[in-house]
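*Asks:* Can you read through this structure? Questions will come right after.
The values are calculated or read from the model by the stated rules, or taken from the named source; none is laboratory data. Please read all numbers here as calculations on a predicted model, not as lab measurements. Please note: Cβ atoms are built from the backbone with ideal geometry, for glycine as well, and neighbour counts cover all protein chains shown.
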Amino acid sequence: NAGVTQTPKFQVLKTGQSMTLQCAQDMNHEYMSWYRQDPGMGLRLIHYSVGAGITDQGEVPNGYNVSRSTTEDFPLRLLSAAPSQTSVYFCASTGGLAGGYNEQFFGPGTRLTVL
Amino acid sequence: DAKTTQPNSMESNEEEPVHLPCNHSTISGTDYIHWYRQLPSQGPEYVIHGLTSNVNNRMASLAIAEDRKSSTLIRHRATLRDAAVYYCILRPNQGGKLIFGQGTELSVKP
């Protein structure tokens, strides 16, 4: 299994540009989520999904959209990038309907800079 | 979401045991206690989790207080590679979002 994969690893955008961060997992996990981590800070939950067709907001959802058309993929879209969205983005997944008894697996992250 | 409280930083010496504390006084009966760590420039990785009983795995031990209002992550022999930020998180049993706090930054001295 490749686990949780994220593309791209690095990205530089100009203010106002849009882009999609890709996340995929091959573990047949129902639960997937996106976090951002600003320098020297902990992770903050952006959006999450408990299965295909179901998404919900986390702690900091503004400026981001998500969709979940398949179990495997959970893309994160920035519609109009702002410098405040400069951060490292992590995707994660959990099996077993995100039961508390299951561990969460994280991707390697995407480092995004918005100029 | 129930919150956890951890010290901002701790120091340890290489090859000595490390005890990382976590307070979670508002834990509910169905919350699991999870620990993750984040090595420099990497994504978080799972360490251990438990519900009521103490747990051991190849990475660490988790000691849970009888009233479940606190827990301690134990690394029996610290290595330099254990230098990381350690996060203690409560995860609800159903639809369990993982909400991170600030964590404890552990430094390990040779």
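*Asks:* Among the residues of the stretch A:66-81, how many are among the charged types (D, E, K, R) and part of a strand (DSSP E or B)?
*Replies:* 2
*Asks:* Is the stretch A:91-99 home to any residue that is within 17 Å of B:LYS97 (Cβ to Cβ) and either acidic (Asp, Glu) or without any contact (Cβ under 8 Å) to a residue 60 or more places away in the chain (or both)?
*Replies:* yes
*Asks:* How many residues does the stretch B:66-79 contain that are of a type outside the set (Val, Ile, Thr), buried (at least 16 other Cβ atoms within 10 Å of the Cβ) and closer than 17 Å to B:THR4 by Cα?
*Replies:* 4
*Asks:* For residues in the stretch A:83-115 being assigned to a strand (DSSP E or B) and hydrophobic (A, V, I, L, M, F, W, C), which is modelled with the lowest pLDDT?
*Replies:* Here the residue is A:PHE105.
*Asks:* When only residues in the stretch A:78-94 that are surrounded by 17 or more Cβ atoms within 10 Å (Cβ to Cβ) and of a type in the set (Gly, Ala, Ser) count, which is farthest from the other protein chains (Cβ to nearest Cβ)?
*Replies:* Top of the filtered list is A:ALA81.
*Asks:* Pick out, from the stretch B:1-78, the strands (runs of 3 or more DSSP E) lying fully within it that include 1 or more residues that are in contact with a strand residue (DSSP E or B) (Cβ under 9 Å, 6 or more places away or on another chain) and of a type in the set (S, T, N, Q).
*Replies:* Ranges flagged: B:9-13, B:18-23, B:31-38, B:61-64, B:70-75.
*Asks:* When only residues in the stretch B:46-67 that are within 13 Å of chain A (Cβ to nearest Cβ) and over 11 Å from the mean Cα position of the chain (by Cα) count, which is nearest to B:GLY103 (Cα to Cα)?
*Replies:* B:MET59
*Asks:* Filtering the stretch A:40-77 down to residues that are of a type in the set (Asp, Glu) and within 14 Å of chain B (Cβ to nearest Cβ), which residue is nearest to A:GLN25 (Cα to Cα)?
*Replies:* Checking each candidate, the answer is A:ASP56.
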